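See below for the structure under consideration.
The values are calculated or read from the model by the stated rules, or taken from the named source; none is laboratory data. All of these numbers come straight from a predicted model, not from anything done at the bench. Here the Cβ positions follow ideal geometry from the backbone for every residue, glycine too, while neighbour counts run over all protein chains shown.
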Amino acid sequence: MLADRMSRLHGSVTLEITAKAKELAAQGIDVIDFCVGEPDFPTPETVKAAGIEAIRSNFTRYTPSNGIPELRRAVCEKLRRDNDASYEPDEIIVSTGAKQCLYNLGMALFQTGDEVLLPTPCWVSYEPQIQLTGAHVVYIETDGTTGFRATADQMRRALTPRTKALVLNNPSNPTGAAYSREDLESLANVLEKTRVMVILDEIYEKLVYDGFRYFSFASLPGWKERCVVVNGVSKAYAMTGWRIGYAAGPREVIAAMGRIQSHSTSNANSIAQKAALEAIRGPQDEVERMRRAFEERRDLMLAGMGRIPGVSCCKPQGAFYLLPDWRAYLGRRVGGREIRSCAELAGYFLDTAHVALVPGIGFRAPGHLRFSYATSKEKIEEGMRRVAEAAGALH
């Protein structure tokens, strides 16, 4: 009955563990959720006010499919201000979240026979989105020795005449790894003589720590026309539910994405577009307040992780996740229960410690667990205490 492509499409591991955690919570069990991939802060008041005003002024009808002109102009201003990259409004598309931008882009660029380079560990939706186009994913496996950053040598070895694009999530979900300008220049040197497009998922751009200075691949001299920048307001402005993302790139590519969007979702939500306009053009002090809070929470969770014997964890430079290595605990037992995989380890911590974690297998990181610190300091302290206690019971 179903199309053949559905055999390549699997459910989200994140959603599965989240659903089980919600079931326990519904039973009155105090579950601490370290799965969450969204800020726990409220949307800034000025942004909410802009959405309310859009409703009151009856801005509730269809908009241009690619986004309202003023929002596309605001995105151009943002890219010029923050990334030293010059775009025109017809090089911008606004979509229902950065995820839709990525999907539209894949459908516009890839076809059967193409190869797409994907550094791992990686966000769960890249692989299925690429596979739905008929293209083949070529994984570049990174680890803690390079801070989970792909190297120029790895890139060189992965290239073939069929390579169509590189997908680069910077900073990364799930590792928090961020690429410096020097890192990006080394990758660009390898790709310079190819025709490979670079797809930049920069959704965590504003959430970087320890004085790290964010730099976009698209800002490298001569690279704008070979890059598509994907970003949005979800993470930086705590607007995950508003569903506004945008992409910037070559006119031909953006126009193709627009044609796909016009026949699928039409325009992004009109009210949310007005709210996003205020987010991008309005005061940015709330963004910095959230960034500082995430940095403090990262340090708190890292400290707790460091007290668990046998667990190693890279210090992330961005986003709001840790991806510690728990392979030392695989094969251990408690009672009659043996822990054979990171999925079983996540299940053990949920059942025993009532802490919800995402198994790394969904990110192509077997033996790892993803911890989100997008929650309060109190929950981080209690959750890490529970995890340490439950880990200590495994022998």
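When you go through SER172, SER86 one by one, which is the residue that is buried (at least 20 other Cβ atoms within 10 Å of the Cβ) and modelled with pLDDT of 95 or more?
Just a single option satisfies the conditions, and that option is SER172.
Scan segment 104-144 residue by residue and report those that are among the acidic types (Asp, Glu) and assigned to a loop (DSSP other than H, G, I, E, B). Can you show your working first?
Taking segment 104-144 and keeping what is among the acidic types (Asp, Glu), we get 114-115, 127, 141, 143.
Across segment 104-144, the qualifying residues are ASP114, ASP143.
Taking the stated definitions as given, is GLY282 modelled with pLDDT under 95 and over 26 Å from CYS35 (Cα atoms)?
Answer is no for this residue.
Please work out if MET301 is of a type in the set (A, V, I, L, M, F, W, C) and touching a strand residue (DSSP E or B) at 6+ places or on another chain (Cβ under 9 Å).
So MET301 passes the test.
Quickly run through segment 142-158 and pick out the residues that are surrounded by fewer than 17 Cβ atoms within 10 Å (Cβ to Cβ) and in contact (Cβ under 8 Å) with a residue 40 or more places away in the chain.
The one that is surrounded by fewer than 17 Cβ atoms within 10 Å (Cβ to Cβ) and in contact (Cβ under 8 Å) with a residue 40 or more places away in the chain: GLY144.
Within segment 16-49, take every residue that is surrounded by 19 or more Cβ atoms within 10 Å (Cβ to Cβ) and out of contact with any strand residue (DSSP E or B) (no Cβ under 8 Å at 6 or more places or on another chain) and give me the one that is nearest to MET239 (Cα to Cα).
Of everything passing the filter in segment 16-49, THR43 is nearest to MET239 (Cα to Cα).
Return the residue satisfying two criteria in turn: it lies in segment 1-15 and is surrounded by fewer than 17 Cβ atoms within 10 Å (Cβ to Cβ) and assigned to a helix (DSSP H, G or I), and of such residues it is farthest from the chain's Cα centre (by Cα).
ASP4
All but one of (1) in a helix (DSSP H, G or I); (2) within 18 Å of ASN231 (Cβ to Cβ) hold for GLU23, so report the exception by its number.
(2)
For THR63, are the conditions met, namely being surrounded by 13 or more Cβ atoms within 10 Å (Cβ to Cβ) and either in a strand (DSSP E or B) or in contact with a strand residue (DSSP E or B) (Cβ under 8 Å, 6 or more places away or on another chain) (or both)?
Answer is no for this residue.
Say we look at segment 324-380 and pick out the residues that are assigned to a helix (DSSP H, G or I) and among the hydroxyl-bearing types (Ser, Thr, Tyr); which of these is surrounded by the most Cβ atoms within 10 Å (Cβ to Cβ)?
TYR348
Considering segment 13-36 alone, what residues qualify as being of a type outside the set (Val, Ile, Thr), farther than 14 Å from LEU369 by Cα and in contact (Cβ under 8 Å) with a residue 60 or more places away in the chain?
Filtering segment 13-36 down to residues of a type outside the set (Val, Ile, Thr) leaves 15-16, 19-28, 30, 33-35.
Checking the rest, the ones that are also farther than 14 Å from LEU369 by Cα come to 15-16, 19-28, 30.
Across segment 13-36, the qualifying residues are LYS20, ALA21, LEU24, ASP30.
Scan segment 240-253 residue by residue and report those that are crowded, with 24+ Cβ neighbours inside 10 Å and out of contact with any Cys (no Cβ under 6 Å at 6 or more places or on another chain).
TRP242, ILE244, TYR246, ALA248, GLY249
Name the single residue, out of those in segment 89-98 being buried (at least 20 other Cβ atoms within 10 Å of the Cβ) and of a type outside the set (A, V, I, L, M), that is farthest from the chain's Cα centre (by Cα).
To start, the set of residues in segment 89-98 that are buried (at least 20 other Cβ atoms within 10 Å of the Cβ) comprises 91-98.
After this cut, where a residue has to be of a type outside the set (A, V, I, L, M) as well, the list is 91, 95-97.
Values: GLU91: 23, SER95: 16, THR96: 15, GLY97: 12 Å.
Looking at the filtered set, the residue picked out is GLU91.
If you scan segment 381-394, which residues turn out to be small (Gly, Ala, Ser) and not in a helix (DSSP H, G or I)?
Hit for segment 381-394 is ALA393, nothing else.
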